[in-house]
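Each remark here refers to the structure printed beneath this line.
The values are calculated or read from the model by the stated rules, or taken from the named source; none is laboratory data. From a predicted model like this one, the values you see are computed outputs, not experimental measurements. Reconstructed Cβ throughout: ideal geometry from the backbone, glycine too, with neighbour counts over all protein chains shown. Protein only, heavy atoms only, side chains kept; ligands, DNA and RNA dropped before computing areas. Shrake-Rupley method; radii C 1.70, N 1.55, O 1.52, S 1.80 Å.
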Amino acid sequence: MIRNYTFPLQARVGNLPIDFMTFTEFQLRLRTLCAVSFSALIAVYGAHAQDKVLNLYSARHYSTDEALYTNFTKATGIKINRLEGGEDQLLQRIKSEGANSPADVFLTVDAGRLWLADQEGVFAPVQSKVLNERIPAAYRLASNTWYGLSSRARVMVVDKLKVKPGEITSYEDLADPKWKGQVCTRSGSHVYMLSLISSIIEHAGAEKAEAWAKGVVANLARQPKGGDTDQVKAVAAGECAVALSNSYYLARMIKSDKADDRTAMERVRVVWPNTNGRGVHMNVSGGGVLKYAPNRDNAIKFMEYLVSDEAQGYFANGNNEWPIVPSLKVKNAALESMGTFKPDPINMIALGKNQRLAQEIVNRVGWK
Ligand code: FE
């Protein structure tokens with residue numbers, strides 16, 4: 001149940017004590033008064049509830065988000081009803097609920113997924129000076145339908161025992177025959193890979209992107225399997241020399257309570273790809289105001305709150321990401337220990353519009 005309105009029902013039976021009325025009189029008065037009072041209450045409290053509620057569908061589930069929501073409610077009086085779920089599951093739900101959806105805002109990860117949701121027509125554009133000023137142009141769309149709210153990078157990790165410093169410096173190196181049998185990746189069809197391939201299509205064209213993908217597949221140490229963390233562990237276990245991972249997984253492993261994770265991170269070296277070229281492939285977690293949002297004004301307020309200094313700290317740090325607002329610096333020792341980097345400046349729209357082509361390439365080269 002997403003909505004949770006409570007009506008303090010106080011229907012009163014006029015000023016007459018019930019003792020002074022006949023039973024029929026009582027019934028009649030009660031019926032009339034209840035009908036009138038209830039409609040009035042719905043009018044008053046219903047509207048009030050609309051003013052003070054935000055229904056959020058979120059694919060994020062980090063403990064720091066609690067503070068974020070509490071602070072928003074404290075600052076605005078707007079209560080947040082939250083439904084958490086998987087990225088695809090929530091999008092399906094928004095689509096099937098259609099015009100009856102109680103959802104006001106949808107938060108999810110990866111520009112590829114945000115773009116797909118936008119293609120499905122679930123977002124409605126907003127005009128917000130705050131969002132346009134706080135979020136760099138590369139991390140929002142000209143259509144104002146969705147916005148990046150925190151950023152992450154797709155980096156490489158190499159085995160310190162097998163790869164000398166400077167020996168692998170770019171995504172292109174993953175396709176170099178020198179590393180035959182030494183590359184681990186997750187499935188090429190995963191949105192993180194599709195977004196990376198989309199960025200290569202944007203910079204180098206589809207042909208070169210396909211040649212690259214073919215080269216990577218030829219270098220694979222094993223069938224693609226598992227998530228990013230599994231690839232890092234495979235490098236640390238000596239199964240491959242190099243792998244790709246989103247930056248926050250690495251920070252999470254550096255900070256981990258598990259000795260195995262920390263030991264794995266000691267064995268590998270983080271490489272920021274393409275520092276001497278276009279820069280590292282960036283992506284976002286983000287969201288937008290939904291087309292059928294019943295509380296649209298609150299939804300815009302919430303989106304604007306998410307780019308405030310305070311919220312950005314919680315939002316980015318919750319998942320070891322970087323704030324989307326460039327002037328803000330996050331205090332995250334694990335991220336800082338990974339060094340500085342040059343971000344690829346392309347607009348996130350490229351990751352969406354090239355996605356289908358990227359999937360076709362993946363299929364053709366057999367990057368399962
Ligand atoms: Fe992830």
*Output the qualifying pairs, or none if there are none: Cβ atoms under 6 angstrom, residues six or more apart or on different chains, first residue in region 228-244 and farther than 20 Å from residue 189 by Cα, second residue surrounded by fewer than 18 Cβ atoms within 10 Å (Cβ to Cβ).*
236/267; 241/162
*Qualifying helices (runs of 4 or more DSSP H) (wholly inside region 222-292; at least 3 residues being within 16 Å of the ligand (Cβ to nearest atom))*: 228-236, 247-255
*Which one is nearest to residue 113 (Cα to Cα), of the residues in region 191-235 that are of a type in the set (Asp, Glu) and open to solvent by 10 Å² or more (accessible area, probe 1.4 Å)?*
202
_With the requirement that a residue be charged (D, E, K, R) and crowded, with 18+ Cβ neighbours inside 10 Å, what does region 173-190 give you?_
173, 186
*Within the set of pairs 6+ apart or on separate chains, which have a first residue in region 342-368 that is closer than 17 Å to residue 185 by Cβ and part of a helix (DSSP H, G or I), a second that is open to solvent by 80 Å² or more (accessible area, probe 1.4 Å) and of a type outside the set (A, V, I, L, M), and C-beta atoms under 6 Å apart?*
365/214
*Kindly provide the set of residues from region 60-78 that are without any contact (Cβ under 8 Å) to a residue 40 or more places away in the chain and surrounded by 13 or more Cβ atoms within 10 Å (Cβ to Cβ), ordered by number.*
69, 73
*Residues being open to solvent by 10 Å² or more (accessible area, probe 1.4 Å), touching a residue at least 40 places away in the same chain (Cβ under 8 Å) and either in contact with a Phe, Trp or Tyr (Cβ under 7 Å, 6 or more places away or on another chain) or assigned to a loop (DSSP other than H, G, I, E, B) (or both) - total across region 321-334*: 1
_Given the options 251, 243, 264, 316, name the one that is within 20 Å of residue 73 (Cα to Cα) and either surrounded by 24 or more Cβ atoms within 10 Å (Cβ to Cβ) or modelled with pLDDT of 95 or more (or both)._
316
*residue 135, sole failed condition from (1) in contact with a strand residue (DSSP E or B) (Cβ under 9 Å, 6 or more places away or on another chain); (2) surrounded by 23 or more Cβ atoms within 10 Å (Cβ to Cβ)*: (2)
*asked:* I'd like to check something: does region 157-168 contain any residue that is within 16 Å of the ligand (Cβ to nearest atom) and farther than 24 Å from residue 88 by Cβ?
replied: yes
